[in-house]
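For reference, the structure discussed in these notes is given below.
Rule-based calculations on the coordinates, nothing more; no lab input. Computed from a predicted model, the values in this text were never measured in an experiment. Neighbour counts run over all protein chains shown; Cβ positions are idealised from the backbone, glycine included.
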Amino acid sequence: MEKIKSGKSKGIILEVFLLLVFLTIGFFVRNSSEGILFDRRILNFLHRDTEPIVLEIMKVISFLGSEKFIVPFITLVLVYNMYKKNIFESIFLLVNTLGSFLLNVLLKQVFNRVRPFHLSLVEQGGLSYPSGHSMVVMSMYLALLYLLIRGERKRNKRLLLKGLVGVYILLMGLSRMYLGVHWPTDIIGGYIVGYLLYSWSKRIIRV
């Protein structure tokens, strides 16, 4: 029991810390069109020598985090869950997809940060902080991962799924920077809010 309480306390401390990091970055980038901290150094490094093949790969990775892919994909998953009468699982997934999309739109209006258009390799409108792709992918794929492994007894399979999801989430953030549509701090902000939404929704919905 003490270990469980200790784990919950550490989790809450981590969440508070991440929220403070998100808000701090947001404070410095609000109404800005400039990079902060390591933003410019990382983007300049990634765009020092862009390759056509790498560019196409990054476009595909980015597409997998877009509304055009996620909406039909998660709709099929939700239909399956509803068919199986997994009501709470469906609500959990809906919060971490649709809820994440809507929350991202709201946050972007609050912080009103401009994208690094001078480095953009693809057309992309809208605001920049936090990254919608990174935020939605973090929350949605963590939710899917949780539902997939919670009853899985094989440790190797759990580790494999965690590894695949982790690598994909990181690649999504990299793709958005490589395409020049987000500052690195946008990606960090997106990851933070995506994780917090996932964590809070899991606690509240209790799937």
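Observations on the model:
- Cα-based Kirkwood hydrodynamic radius, the range 61-135, one decimal, Å: 13.9
- Net +/- balance of residues flanking S134 in space, Cβ distance below 12 Å, scoring K and R +1, D and E -1: 0
- Note on the chain: with a GNM built from Cα contacts shorter than 10 Å, the maximum mean-square fluctuation among K85, K162, K59 falls on K85.
- Placing +1 on the Cβ of every Lys and Arg and -1 on the Cβ of every Asp and Glu, with no other charges, gives the range 3-155 a dipole of roughly 820 debye about its Cα centre.
- Average projection area in nm² (convex hull over Cα atoms of the chain, one quarter of hull surface): 12.8
- Charge tally around S66: other residues with Cβ under 11 Å, Lys/Arg +1 each, Asp/Glu -1 each, net +2.
- Only the Cβ atoms of Lys and Arg (+1) and of Asp and Glu (-1) were treated as charged; on that basis the dipole of the range 1-72 about its Cα centre amounts to roughly 360 debye.
- Near I169: Cβ cut-off under 12 Å, other residues only, Lys/Arg at +1 and Asp/Glu at -1. The net charge is +2.
- Average Cα contact separation per residue, the range 113-193, under 8 Å, 6 or more apart, as relative contact order %: 55
- Across the range 114-124, computed HN-Hα scalar couplings (Karplus, 6.51 cos²θ - 1.76 cosθ + 1.60, θ = phi - 60°) run 8, 5, x, 4, 5, 10, 5, 9, 9, 6, 7 Hz from first to last residue, x flagging Gly and Pro.
- Shape call, the range 1-80: gyration tensor on alpha carbons, a/c limit 1.5: oblate
- Cα gyration tensor, the range 9-128 - rounded (a/c under 1.5), prolate or oblate: oblate
- Gyration tensor (alpha-carbon) shape descriptor, the range 146-207, a/c threshold 1.5: oblate
- Within the listed set V136, V79, V165, the Gaussian network model of the chain (springs between alpha-carbon atoms below 10 Å) gives the highest mean-square fluctuation for V79.
- Once C-alpha pairs closer than 8 Å and six or more residues apart are averaged by separation and normalised to the residue number of the chain, the relative contact order reads 33 percent.
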